[in-house]
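Visitor: Sharing a structure, written as structure tokens. Questions coming.
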Amino acid sequence: MSKNIQISLLMVATLGVMSGITVVSSLPLMSQTFSDIPNIEFLSKLMLTIPSIIIALFAPFAGHIVDKWGRLKPLYIGIFLFILGGSSGFYLQDFYAILVGRAILGFAVALIMTSSTALIGDYFDEEARHKFMSQQGLAVALGGIVFITSGGLLAQIHWSYPFAIYFIPLLFLPLLLTSLYEPEKHKHSDDPELEPTLLPVYLTAFFVMVLFYMLPTQLPYLIVNTLGGKPQTIGFVIATAMTFNAITAMQYAKIKARLSYMQIYSATFLLFGIGLFFISQASSIGHLFFATTPIGIAFGLLLVNTNAWFLSKVPPSKRGKASGLLTSSFFLGQFSSPLLFEPIVTSYGIQGLFLIISVVSVLTSGLLFMKSK
């Protein structure tokens, strides 16, 4: 497989993480700017999660489109909509109009992630796929570091400036257009057992993202409102986690050669629970940086492991549809995260939430360890 194809797919992979965390540092500032809007602190979190629910609803249809139209047309349409909708907060001044832009971004990401996942399945065999997944995990983590840090620094100037980062995919297009090719269409095969086989993967993807999105939706308010940090601090804390994410993701192929999918999940949920416990006890920003080590290591493996597990189970002719449902599961988890956790935050505070979910994560780890035996 040519280097240009691999680089192109890695560039596309960074768009998923760009779609959400880029504007994390703007959320508290948007709450202040639009303070006349009732419940603005909760509504500002929808800047992250509105794209997620649109992706969750639309991705299954995107899967059918990818199987019917091919992989590349939906990909390029998605990138155009990504730039249009993602950058809307840079030039729009109405809060609700920006939310509409975030919805357009959701349609875009559904097309991009579904088509790119199908392309990875088409271009690589299983062994090469695990190696590429390591590279993809690294690229996503490094992209996250760049986007969250840049977003934090730009938010210091003005809350709208991080939205300009969504113009970056314009730079990707020349390489994508000259490198990617449309794979041959696979013969359709009826497999009535496919959906039950993939259901555990979809449920795991949902659960993983509910937990993952605790950080960008809850941590900014803990840092700014409780621990007295500044907006750029949000970016640096999450970027530190993403650094450990990148280091670990790079090792995925080696780890997978020794451990099963379930054993990897067990280890990562244990690490995640430990990190959440540290956050629940934090009394300073420095404590948060300490907590990012196990959390970053955990998520360096969780997302990569889920994608690899998925592609090992799905036949070529169903990759578009199945990729759409996987994308839907991931982003339904993102959308649900603040909704599911809001009652706990209201009752016990953000650090109380982290303590409760740390216990849930450790128990989950134990269950998975027993299942993997």
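The values are calculated or read from the model by the stated rules, or taken from the named source; none is laboratory data. What you see is a predicted model, and the numbers here were worked out from it, not measured in a lab. Virtual Cβ from ideal backbone geometry, glycine too; neighbours counted across all protein chains shown. Only protein heavy atoms, including side chains, enter the accessible area calculation; ligands, DNA and RNA are left aside. Shrake-Rupley method; radii C 1.70, N 1.55, O 1.52, S 1.80 Å.
Visitor: Would you work out what percent of the accessible area of the chain, with all protein chains in place, is carbon or sulfur (probe 1.4 Å)?
Guide: 68 percent
Visitor: Whenever you get a sec, line up Glu184, Glu342, Glu127 from highest to lowest accessible area (probe 1.4 Å, protein heavy atoms).
Guide: Accessible-area ranking of Glu184, Glu342, Glu127, largest first: Glu184, Glu127, Glu342.
Visitor: Just how much of Val359 is accessible, in Å², when a 1.4 Å probe is used and the result is rounded to the nearest 10?
Guide: 80 Å²
Visitor: Something else about it: If R₀ is 30 angstrom, what is the calculated FRET efficiency for the pair Glu182 and Ser372, using the beta carbon separation as r and rounding to 0.05?
Guide: The value I calculate is 0.15.
Visitor: Helix hunt in the chain: which complete DSSP H runs extend at least 18 Å axially by C-alpha with mean Kyte-Doolittle at least -1.0?
Guide: Membrane-span-like by this criterion, though nothing is claimed about a membrane: 3-21, 40-69, 72-86, 95-123, 126-157, 194-212, 231-249, 261-280, 285-313, 319-372.
Visitor: Per residue, how much accessible area does the chain show when a 1.4 Å probe rolls over the protein heavy atoms, in square angstrom?
Guide: Values: 14870 Å² over 373 residues.
Computed with neighbouring chains in place, this is 40 Å² per residue.
Visitor: Taking the full set of protein chains and a 1.4 angstrom probe, give the accessible area of Arg319 in square angstrom, rounded to the nearest 10.
Guide: 20 Å²
Visitor: Put one equal scatterer on each alpha carbon of the stretch 248-356, apply the Debye formula with no solvent term, and list log10 I(q)/I(0) at q = 0.14, 0.19 1/Å to two decimals.
Guide: The Cα Debye sum returns log10 ratios of -0.72, -1.09.
Visitor: Which length gain, in nm to one decimal place, applies between Ser312 and Phe167 when the Cα-Cα distance is subtracted from 0.36 nm times their residue separation?
Guide: That pair, Ser312 and Phe167, stretches by 48.8 nm at full extension.
Visitor: Rounded to the nearest 500, what is the chain's calculated 222 nm mean residue ellipticity when only DSSP H runs of at least 4 contribute -39500 (n - 2.57) each, over all residues?
Guide: After summing the helix terms and dividing by residue count, I get -27500 deg cm²/dmol.
Visitor: Could you list, bin by bin from short to long, the percent of Cα-Cα pairs of the chain in 20 Å steps?
Guide: The distribution over the chain is 31, 60, 9, given as percents.
Visitor: Using only the Cα atoms, what convex hull volume per residue in Å³ does the stretch 334-373 have? Could you put the intermediate results ahead of the total?
Guide: Working: hull volume 2.7 nm³, N = 40.
Considering the Cα atoms of the stretch 334-373, their hull volume per residue is 67 Å³.
Visitor: Still on this structure: Given a cut-off of under 8 Å on Cα pairs at least six residues apart, what relative contact order in percent is computed for the chain?
Guide: 28 percent
Visitor: I would also like to ask the following. At 1.4 Å probe size, with no ligands or nucleic acids counted, give the accessible surface of Lys45 in Å², nearest ten.
Guide: 10 Å²
Visitor: Do any of Lys73/Lys318; Lys185/Lys313; Lys131/Lys321; Lys256/Lys371 go past 22 Å between their Cα atoms, and which?
Guide: Long pairs (Cα-Cα over 22 Å): Lys131/Lys321.
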